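Heads up, the thing below is written out as structure tokens.
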Amino acid sequence: MSQPTVDPTFYRSASEAAAAPPEELAYVVAFDRAAQQHDAMTVVDVNPASGSYGQVVGWTDVPGVGHELHHFGWNACSSALQHEGHDMSGLSRRYLLVPGLRSSDIHILDTQPDPRSPRLVRTISGKELSDKAGYSRPHTMHCGPDGVFLTCIGGPEGNDDGPGGIALLDHSTFDVVRAWETDRGPQHFAYDAWWHLNQNTLISSEWGSPSMIEDGVVPELLLGGKYGHALHFWDLAEGRHLQSVDLGVQHQMVLEVRPSHDPEATWGFVGVVISTEDLSGSIWRWFRDGADWKVEKVITVPAEPADPDRLPPALKPFGAVPPLITDIDLSVDDRFLYVSCWGTGEMKQFDVTDPAHPRQTGSVRLGGIVDRAPHPARPDLSLAGGPQMVEVSRDGRRVYFTNSLYGAWDDQFYPDGVGAWMAMLDADPAGGLGVNERFFPHGDDFRGLRPHQIRLQGGDASSDSYCYR
């Protein structure tokens, strides 16, 4: 009996992923803040040898309006190899699962036979998600060895404010199976989740319930320490809560979790948006210490003084621009950590060869609440927004990012308009960053929509969990 063919983009190790052919396309979701146009999946040419390099070459509208497409992911990836030997017939990195953060609908797009023209093949309604898993407002997904883990910030319909948690979806049929948790312990807020497969540990983070985020940051809640400020550790196989670590009530909004890609490692990073003590942002490292997990702050990014007249109303009383760390990404080789400072308009690069002692090795500024730093391709154009959703190529040489955070927050911090743009940085293997002057989709390229998360053809630094060294 012949063995099933394994998708060549299921990589056994991080080094195998880095050695694979480079990406030629990037999938980028874009949404209409006014909820008058369809949200869309756009396809951007990222092959530098192509005549359409840096251009939007594919476009798929999703039905209806007002979804606010946000984070999305593949139906399957390298983590499937954790159970190598089970029936993998037909399982491949083919479908994109694209949730609407406001509508709770999940759109399934088939990237075959033409990767430039994804086809909508199914929509899972928010009602189905609520009925079968008890959740709403799907936010982030990761493909695991036995299904798709979909973190949701809201509870069931009629009780949106939670608790939020993780829905499990079948990665072949896309059916909503159930809520993943069997014992959630004290966890209430949800945001991101990822894992150490070989340690049987899932790590989850906290943002806030829908009413706390959908109309912008609520100052009273922020200053009152009401947003999420803890990390949670779970038994991955059992869905059982094991441990919470509170980072301190001043460290508000604990967002993106990025575990080491080394399957034997027991450390990772999480970003914190803001400190109510001094408006700084921070990066924390988690690590196993005996039977317990510990978390320590390893990077602080300070706020920058600014003329109040140049600040949006929410920041005028403070006379400073907070960095607002809204995304981070760890290169596949676990060497460089990228930190998006959406408020100041800075992308930082840190060498994390020693994860307990990161060392800054690169920085680029584009946009920013005050600076509005232009792209070298258009020095005449002041940019709003700033480095936000970041994605790193498997070989670590290219760093892509878009400028929109979340509709209501865009409007709050960039009240004169956030615009729409995407950039790419060239990363030196020895450390250092430079803006690629040839790559700058912006403005009308996105037809009035705001671009958000990026996924790269064949996988990227935040798509896969590797099972072998």
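Data for the structure
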read-out	value
Residues satisfying the stated conditions in the range 1-49, i.e. among the charged types (D, E, K, R) and either buried (at least 18 other Cβ atoms within 10 Å of the Cβ) or under 30 Å from GLY448 (Cβ atoms) (or both)	ASP7, GLU23, GLU24, ASP32, ARG33, ASP39, ASP45
Identity of the residue in the range 401-422, assigned to a loop (DSSP other than H, G, I, E, B) and either at pLDDT below 95 or among the aromatic types (Phe, Trp, Tyr) (or both), that ends up farthest from the chain's Cα centre (by Cα)	TYR414
Tally, over the range 205-257, of residues that are exposed (fewer than 15 other Cβ atoms within 10 Å of the Cβ), in contact (Cβ under 8 Å) with a residue 60 or more places away in the chain, closer than 22 Å to SER104 by Cα and out of contact with any helix residue (DSSP H, G or I) (no Cβ under 7 Å at 6 or more places or on another chain)	0
Subset of the range 156-203 [farther than 25 Å from GLY90 by Cα, touching a helix residue (DSSP H, G or I) at 6+ places or on another chain (Cβ under 9 Å) and of a type in the set (Val, Ile, Thr)]	ILE166
From the options GLY90, GLY66, GLY54, residue that is touching a residue at least 40 places away in the same chain (Cβ under 8 Å), more than 28 Å from ARG398 (Cα to Cα) and either among the hydrophobic types (A, V, I, L, M, F, W, C) or not in a helix (DSSP H, G or I) (or both)	GLY90
Members of the range 20-51 that are within 24 Å of ASP464 (Cβ to Cβ) and either free of Cβ contacts under 8 Å to residues at least 12 places away in the same chain or not aliphatic (A, V, I, L, M) (or both)	PRO21, PRO22, GLU23, GLU24, TYR27, THR42, ASP45, ASN47, PRO48
Residue within the range 106-116 that is assigned to a loop (DSSP other than H, G, I, E, B) and more than 17 Å from GLU24 (Cα to Cα) present	no
Within the range 91-102, tally of residues that are polar (S, T, N, Q) and surrounded by 23 or more Cβ atoms within 10 Å (Cβ to Cβ)	0
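The values are calculated or read from the model by the stated rules, or taken from the named source; none is laboratory data. As the structure is a computational prediction, the values presented were derived from the model and not from experiment. Methodologically, a virtual Cβ is constructed for each residue, glycine included, from the backbone with ideal geometry; neighbour enumeration extends over all protein chains shown.
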